[in-house]
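Trainee: One structure, pasted below without further comment.
The values are calculated or read from the model by the stated rules, or taken from the named source; none is laboratory data. What you see is a predicted model, and the numbers here were worked out from it, not measured in a lab. Using ideal geometry, Cβ is built from the backbone for each residue, glycine included, and neighbour counts are taken over all protein chains shown. Quick note on the areas: whole protein, heavy atoms, side chains included, nothing else; ligands and nucleic acids left out. Shrake-Rupley method; radii C 1.70, N 1.55, O 1.52, S 1.80 Å.
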Amino acid sequence: MCGIFAYLGPNEKAAEIVLKGLKKLEYRGYDSWGIAAQMEGGDFVIEKHVGKISEVINLEEKMTHSSHLAMGHSRWATHGGVTQYNAHPHTSEDQDVVVVHNGIFENYLELKEALIAKGHQFRSETDSEVFAHLIEEELEEGFETAFTRACKKVTGRFAILALHKGENKLIAARRGSPLIVGKADDGALFVASDVPAFLEYTKKIQYLDDNQMVTLTEGRAHFYDLETGSPIEKRLISIDWKEEEAEKGAYAHFMLKEIMEQKETLARAINADPELIQKATAMINKAYGTTLVGCGTAGKVAMVGEYLFANVAKKHVNVKFGSEFKSARHFLTDRSLIIAISQSGETADTLEALEIAKSKGAKIISIVNVETSTMARMSDLVIPLKAGPEKAVASTKATTSQLAILTLLAYAVAGRANEGKQLLIESEGKLNDLLNPRYEAHIEAVADQIKDAQDIMIIGRDMNFPIALESAIKLQEVSYIHAEGFAGGELKHGPIALISEGTPCIVIAPNDEYKAEILSNAMELKARGALLIGISPDNAEIFDIWIKVPSVGNASPILDLIPIQILAYKLAVARQTNPDMPRNLAKSVTVK
Ligand code: AGP
């Protein structure tokens, strides 16, 4: 949530470099953007605009100032509306201190009141601006001291960067929100919320952990503990991300590219290191209670996991959404196990759940795409998805990889690891039936037919009930059509009142023991005028539209989801919304 990027180095085009890198972080927030560059002589030039940075034409021409130090921010609004004033960077009263911030300062109102009482005037409605004023208050003690004192005064989760007029230095700190330092061979230094911002310059990185700060001066990055001020030695890590993986290439949108990549990404997940699967299995078998945790789509994957463990391994596991985890503290002990599911590994609600679990001594496994994320670094065991960067806000390839890993684990816990892997290999072999131009064209025609619908309902049973919920998220976030997922049997207890003539209802009907039941639920909808779209290996007389999927047993949640991902994408295109950057959303939700 919010993208931050800064450059300090030999290139005099710092502003342009930041601007280009910021575009690559736009998926983190895109309602406004801004850049501050320090000119020779120490003054700042600040540009702030409402709207998406990628939509500004001739952007490079805007930032031609000669500067070696610049930082930028792409915003997802929390405090204060989407206005130029509220866009970052923010400055102190005298404009000598400039900050960009990701996160929330929870006590900003109280701090702001105290600063106003001292005569400070504020230009924005944001919580972030207080930080620049707090530094200004303490500057007599030097920039570093003022910065650390300001950090100690604010509460909440944050990543914060600050510059001070005339000092060729950048200071950054984190508590809860990601920050990564990049080091290029020519001595250039970068600080960013995520790696793609500087991937074209370097793959050598150092991570900031919570309650740590870094000062960047020419060619040097010094890390410190925020509380004690003691220096910290940081390992330089080489990452194996490929630049082209973070670009959309010939595809119109990242979402479509990432849907199509599932052939490779699923194969990578299925081939997860067997040793890791074994270790995780031993941890699950040893634990006195396992809880799967995730948010949004990852939360729905966790729900599928509960069914998989029940059906395949006859084992009960709990499920909690990250944002609803707190009550679990009453039953967690040092024998409990938490399995965190996440694409980014930076979702604040899931991280908070892990912090609670850790405080109880519980063990943590994370199934995560970003291997070097906070979540991964907090875990006792990490099972990486290896899906490559996922940039579209709507999660697709990471989701199916998470489902595959949970399937492997459920079978391994049942003592049938090879059978599970074989099932997934066979299922992956059938992906060409779904990821081909003819199939895509068929779904595009369905999207055209239903693009003006007010509501779309999705029903499924058992493992495909959470897939119905996940389908609703996909349709909501990119098409903006009201969509809701239900357990097939639940409709008649209330929601069926929503069905009227022509309401599109998607029926997920794999060849499982619930097929007859889900089809009779579909009948109940049809009798009320629903337009039935069947996602099923076989056509049924009651379907108005049939979208064929292969019959793959317990892997059906994975394959059933793919046509719905394509449908969501096609609906977004038909309704002329931007599927990569849906309104009101951001890729990585780093606030609670
Ligand atoms: C997915 O389409 C959503 N954008 C969202 O629900 C997402 O899955 C959720 O925010 C969790 O993110 P994570 O996987 O990075 O933890």
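Trainee: Which of the peptides 551-558, 68-75 is most tightly packed, and how do the rest follow, judged by the mean count of other Cβ atoms within 10 Å per residue? Provide the component values of the computation, followed by the final result.
Mentor: Working: 551-558: 22.6, 68-75: 28.8.
Result, highest mean Cβ count within 10 Å first: 68-75, 551-558.
Trainee: Per residue of region 301-312, what does 6.51 cos²θ - 1.76 cosθ + 1.60 with θ = phi - 60° give for ³J(HN,Hα)? Whole Hz please, x for Gly and Pro, Karplus curve as stated.
Mentor: After applying 6.51 cos²θ - 1.76 cosθ + 1.60, I find 4, 4, 5, 4, x, 4, 5, 4, 5, 5, 6, 8 Hz.
Trainee: Quote to one decimal, in nm, the extra length available between N168 and Q84 on full extension: 0.36 nm per residue of separation minus the C-alpha distance between them.
Mentor: Details: separation 84, 0.36 × 84 = 30.24 nm, distance 2.67 nm.
Result: 27.6 nm gained on full extension.
Trainee: Considering amide H positions built from the backbone, and no H for Pro or chain starts, which residues 5 or more places from C295, or on another chain, come under 5 Å of its amide H?
Mentor: Amide H neighbours of C295, under 5 Å, 5+ apart: G322.
Trainee: Another question, then. Could you list which residues have their amide H under 5 Å from that of N107, counting only those 5 or more apart in sequence or on another chain, with H placed in the peptide plane?
Mentor: Sorted by chain and number, the residues that satisfy this are T155.
Trainee: Scan the chain and report its longest stretch carrying no chymotrypsin sites (Phe, Trp or Tyr not before Pro) that are both in a DSSP loop and have at most 13 other Cβ atoms within 10 Å.
Mentor: 1-287
Trainee: If you don't mind, another one. Subtract the Cα-Cα distance of Q278 and V45 from 0.36 nm times their separation in residues, and report this length gain in nm to one decimal.
Mentor: Length gained, Q278 through V45: 78.4 nm.
Trainee: When the accessible area of the chain is split by element with a 1.4 Å probe, what percent falls to carbon and sulfur?
Mentor: So the carbon and sulfur contribution to the accessible surface is 48 percent.
Trainee: Taking the simple approach of a point 7 Å from Cα along Cα-to-Cβ for both D186 and R528, what is their distance in nm?
Mentor: Label at D186, label at R528, 6.4 nm between them.
Trainee: Please calculate how many Å² of accessible area region 249-429 carries per residue, with a 1.4 Å probe and no DNA, RNA or ligand atoms counted.
Mentor: 35
Trainee: Enumerate by residue number the trypsin sites (Lys or Arg not before Pro) in region 227-315 meeting two conditions: DSSP loop (anything except H, G, I, E, B), and at most 12 other Cβ atoms within 10 Å of the site's Cβ.
Mentor: Hits after loop and neighbour filter: R235, K242, K314.
Trainee: At 1.4 Å probe size, with every protein chain present, just tell me what the per residue accessible area of region 1-100 comes to in Å².
Mentor: I get 35 Å² per residue for region 1-100.
Trainee: If you don't mind, another one. Treat the chain as a sphere of radius equal to its Kirkwood radius over Cα pairs and apply Stokes-Einstein at 25 °C in a medium of 0.890 mPa s; give the translational diffusion coefficient in µm²/s, rounded to a whole number. Display every interim value, and only then the final one.
Mentor: Values: Rh = 25.0 Å.
Translational diffusion coefficient: 98 µm²/s.
Trainee: Can you give me the distance in nm between label points at R220 and L435, each placed 7 Å from the Cα along the Cα-to-Cβ direction?
Mentor: Each label point lies 7 Å from its Cα, and together they span 4.8 nm.
Trainee: How far is it, in nm, from the label point at K152 to the one at D544 when both lie 7 Å from their Cα along the line to the Cβ?
Mentor: The modelled label-to-label distance comes out at 6.6 nm.
Trainee: Take each of the peptides 390-402, 358-370, average the number of other beta-carbon atoms within 10 Å over its residues, and list them starting from the highest.
Mentor: So the peptides 390-402, 358-370, ranked by packing, come out 390-402, 358-370.
Trainee: Moving on to the next point. Give or take rounding to whole Å, what are the principal axis extents of the alpha carbon atoms in region 3-245, in descending order?
Mentor: Principal extents (largest minus smallest coordinate, Cα): 51, 43, 33 Å.
Trainee: May I ask you to list the GluC sites (Glu not before Pro) in region 509-585 that are in a DSSP loop and have at most 15 other Cβ atoms within 10 Å of their Cβ?
Mentor: Values: sites: E513, E517, E524, E541; in loops: E513, E541.
Passing sites in region 509-585 are E513, E541.
Trainee: Could you give the length gained on full extension between D455 and H482, defined as 0.36 nm per residue of separation minus the Cα-Cα distance, in nm?
Mentor: This chain segment gains 9.2 nm when fully extended.
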